[in-house]
Amino acid sequence: MKHKIGFNALSRNSAERKALMRNMVTSLFRFERIETTSAKAKEVRRLAEKMITRAKVDNVHNRRLTSAVLFDEAVVNKLFTEIAPLYADVNGGYTRIIKTQSRLGDAADMAILELTKKTAKVEKKADKEAKKEEKAEKPAKADK
């Protein structure tokens, strides 16, 4: 019987597993969407949700704890300034797993792990609309 087995070891030793989790969580926060196997997505989700919950309170202690996992300071700043404020009024459920087709090489179940709320794409659309408005105003002013 498999009692008190709290996580999936993913057929790796602890150092390899920690490195894998760190890299995948960093990529998730950087790109807000990653594609991986279902087993890895379920494990990365656990760590990502804990880090978003921790990042909701922006203080030195929480920044140091997240910096111990995320080695990229830009991603840590993005987590605290852009991602965590989106989830300030939500208690959990920050990520979703969407199952996709099997991988061709080994038929592994693939999944997309993504944040439920997007940050960068909304800002990009707003920036594009603002630039279009500015371009439309400039020729109108030149005609006068």
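Some notes on this structure:
- Members of region 36-71 found to be of a type outside the set (A, V, I, L, M) and under 22 Å from A9 (Cβ atoms), listed by number: T36, T37, S38, K40, K42, E43, R45, R46, E49, K50
- Leading residue by the ranking (surrounded by the most Cβ atoms within 10 Å (Cβ to Cβ)) among those in region 50-74 that are in contact (Cβ under 8 Å) with a residue 24 or more places away in the chain and assigned to a loop (DSSP other than H, G, I, E, B): L70
- For the residues K117, K2, the requirement of being charged (D, E, K, R), surrounded by fewer than 12 Cβ atoms within 10 Å (Cβ to Cβ) and not in a helix (DSSP H, G or I) singles out K2.
- Complete set of residues in region 9-45 that are farther than 19 Å from M110 by Cβ and in contact (Cβ under 8 Å) with a residue 24 or more places away in the chain: R22, T26, F29, R30
- Note on region 12-48: among residues that are surrounded by 16 or more Cβ atoms within 10 Å (Cβ to Cβ) and of a type in the set (D, E), the one that is nearest to L115 (Cα to Cα) is E32.
- Taking the criterion of being in contact with a strand residue (DSSP E or B) (Cβ under 9 Å, 6 or more places away or on another chain) and of a type outside the set (A, V, I, L, M, F, W, C), the residues of region 93-111 that qualify are Y94, T95, R96, K99, T100, Q101, S102, R103, D109.
- Yes/no for A84 being surrounded by 13 or more Cβ atoms within 10 Å (Cβ to Cβ), in contact with a Phe, Trp or Tyr (Cβ under 6 Å, 6 or more places away or on another chain) and either within 17 Å of K118 (Cα to Cα) or not aliphatic (A, V, I, L, M) (or both): no
- Any hit, region 59-68, residues being at pLDDT 95 or above, touching a helix residue (DSSP H, G or I) at 6+ places or on another chain (Cβ under 8 Å) and under 19 Å from K117 (Cα atoms): no
- The single condition from (1) at pLDDT below 95; (2) more than 16 Å from the chain's Cα centre (by Cα) that F71 fails is (2).
- Filtered residues of region 75-104 (kept if in a strand (DSSP E or B) and without any contact (Cβ under 8 Å) to a residue 12 or more places away in the chain): Q101, S102
The values are calculated or read from the model by the stated rules, or taken from the named source; none is laboratory data. Remember, predicted model here, so these are calculated numbers, not experimental data. Neighbour counts run over all protein chains shown; Cβ positions are idealised from the backbone, glycine included.
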